[in-house]
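Everything below concerns the one structure shown next.
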Amino acid sequence: MSVTKDELLKIATSRSNELIELTAKLIRINSENPTGSQREVIDFVKKYLEESGIEAEELKANEAFPCVLAKIGNDEGPSIILNGHVDVVPAGDLSKWRFDPYCGEVTDTLILGRGTSDMKAGVAGILFAMRLLKESEAPIKGNVRLHIVSDEESGGQYGTKWLCEQGYSDQADACIVAEPTSNFTIEIGQKGSNELVLKAHGTSAHGSLGNYKGDNAIIKLTKVLQNIGRLHEIRGQFSLDQAQALENSKYIAASKLEMPGIENVIDHVTASVGIIQGGTKLNMVPDYCEARVDIRLPIGADVTEVDRAIQTIIDDSDVDGVEYDVTWKNFGNSTSIDAPIVQAIKKYAEEIWDIKVLPAYQWASSDARYYREKGIPTIQYGPANTEGIHSYNENVDIQDVINANKIYLLSLCDLLGIN
Ligand SMILES: [Zn+2]
């Protein structure tokens, strides 16, 4: 008799200590990006898979950022990708931590350390799910493919983006990215992020003759930047079947961010001036200044409308010699709320946590988009205590880690025909 879904759940429960230990071990390997090395953590993942009886393959576009791929199952059903990154952002100012960021300490309720929430607990959850399926010889119809990457925190070009470009995501029917979310939400879409560069050209002169001679490029650019907020008026376009997820997203943004009107971040363009550079010397009227603006496009945004609006802002600012440069390459992306992967994760997250779970769109972006660009229904769901992410004193709830693993495991059972 082959193993059933209920039996797998019992095995996961009885062996949950192994999952906690795996998470703690991953935390104790410092894999800071860009300041550290990914070698040790990648070797650890490969060894863990091999000890689980799963063949692991290392691939790399860049020596410093290897990926680990693995697969279990057959070609007689759907193919599901599990994705996670093992790099972490630097710990930063150590005096702001209440504990050693790489201690991996396990308290009564928490696991402590850099990367617990983002996202080694999620990685542990998908690795452990694969191990349980493999060791129990679960009769899966189809396969599970693992994509572990190590450069997510520096843009993903040697990780998920590269894997997708090289065809390693081909023929996949769904993808779970174990990035941190709250337990009550499944990320099924996100905004696209693009860089706008505004360039002002002026004429230099001696600083002592400012106001009288020369044409100050910094002053010109600030006039344009004062109006850049007009881009926030542009909305995305959502279809009728996206209405529920849009409503969920606005509700989540309002309750998490707690600022009046903040829910509009989901379906409106945002433009944040991040960097401004101009001038050469204090006693010279600057002849050049540029600003780099982080533009986030909601799902369905019309880029020709955004382009037109940028030009209108420049024209209305009543200055000459200002031009802009933007290559639109990152768009809002989403997975249907009705996709089997979304419904499976929702069903088990609700069952295990006994709460209502809302599939929703995020205001930020992540590696999930590379899979969606390939037409693969993709979700993000993973254990997290969000306040420590990319900050200090990062931690994760043990219960969250255990439950996320079970949710992955049971969803895989549903999708791969294990009853
Ligand atoms: Zn992450």
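Could you grab me the full set of residues in region 31-83 that are in a strand (DSSP E or B) and among the β-branched types (Val, Ile, Thr)? Full working, then the answer.
First, the residues of region 31-83 that are in a strand (DSSP E or B): 32, 56-59, 67-73, 79-83.
Listed by number, the residues that qualify are VAL68, ILE72, ILE80, ILE81.
Quick check on my filter: what residues within region 82-110 are aliphatic (A, V, I, L, M) and within 16 Å of the ligand (Cβ to nearest atom)?
Passing the criteria: LEU82, VAL86, VAL88, VAL89, ALA91.
Quick one: count up the residues across region 273-304 that are in contact (Cβ under 8 Å) with a residue 24 or more places away in the chain, within 20 Å of ASN194 (Cβ to Cβ) and in contact with a strand residue (DSSP E or B) (Cβ under 9 Å, 6 or more places away or on another chain).
Of the residues in that region, 15 qualify.
Is there a residue being within 16 Å of the ligand (Cβ to nearest atom), at pLDDT 95 or above and in contact with a Pro (Cβ under 8 Å, 6 or more places away or on another chain) anywhere in region 386-397?
Scanning region 386-397 turns up at least one residue that is within 16 Å of the ligand (Cβ to nearest atom), at pLDDT 95 or above and in contact with a Pro (Cβ under 8 Å, 6 or more places away or on another chain).
Go through region 91-134 residue by residue and tally those that are assigned to a loop (DSSP other than H, G, I, E, B) and within 17 Å of the chain's Cα centre (by Cα).
2
Do any residues in region 106-126 that are within 18 Å of LYS406 (Cα to Cα) have Cβ atoms under 8 Å from those of residues that are of a type in the set (Asp, Glu) and within 12 Å of the ligand (Cβ to nearest atom), where the two are at least six apart or on different chains, and which pairs are they?
Final answer for the pair search is THR116/GLU394; SER117/GLU394; MET119/GLU179; GLY122/GLU179.
Given the conditions (1) touching a residue at least 24 places away in the same chain (Cβ under 8 Å); (2) part of a strand (DSSP E or B), which single one is not true for SER208?
SER208 satisfies every listed condition except (2).
Condition first: at pLDDT 95 or above and in a helix (DSSP H, G or I). Can you find one or more residues in region 135-146 that meet it?
Yes: region 135-146 contains one or more residues that are at pLDDT 95 or above and in a helix (DSSP H, G or I).
So, of the residues in region 211-233 that are outside any helix (DSSP H, G or I) and under 32 Å from the mean Cα position of the chain (by Cα), which turns out to be farthest from VAL285 (Cα to Cα)?
This residue is ASN227.
I'm checking my understanding of the structure. Among residues of region 234-271 that are in contact with a Lys or Arg (Cβ under 6 Å, 6 or more places away or on another chain) and assigned to a loop (DSSP other than H, G, I, E, B), which one is farthest from ASN183 (Cα to Cα)?
Going through the qualifying residues, I end up with ASP267.
Could you tell me how many of the residues in region 207-245 are in contact with a helix residue (DSSP H, G or I) (Cβ under 6 Å, 6 or more places away or on another chain) and polar (S, T, N, Q)?
So the answer is 1.
Tell me the helices (runs of 4 or more DSSP H) entirely within region 336-419 that contain at least 3 residues that are among the hydrophobic types (A, V, I, L, M, F, W, C) and in the same structural domain as ASN33 (by TED's automatic domain parsing). It would help to see each step written out before you state the result.
Numbers: elements: 340-353, 368-373, 398-415.
Fully inside region 336-419 and qualifying: 340-353, 398-415.
With the structure loaded, tell me whether TYR168 is in a loop (DSSP other than H, G, I, E, B) and touching a residue at least 60 places away in the same chain (Cβ under 8 Å) or whether it fails that test.
It is true that TYR168 is in a loop (DSSP other than H, G, I, E, B) and touching a residue at least 60 places away in the same chain (Cβ under 8 Å).
Among the residues of region 151-170, is any crowded, with 23+ Cβ neighbours inside 10 Å, within 22 Å of SER391 (Cα to Cα) and either in contact with a strand residue (DSSP E or B) (Cβ under 8 Å, 6 or more places away or on another chain) or of a type in the set (A, V, I, L, M, F, W, C) (or both)?
yes
The values are calculated or read from the model by the stated rules, or taken from the named source; none is laboratory data. Every value quoted in this text rests on a predicted model; they were computed, and no experiment measured them. As a convention, Cβ positions derive from the backbone with ideal geometry for all residues, glycine included, and neighbour counts pool all protein chains shown.
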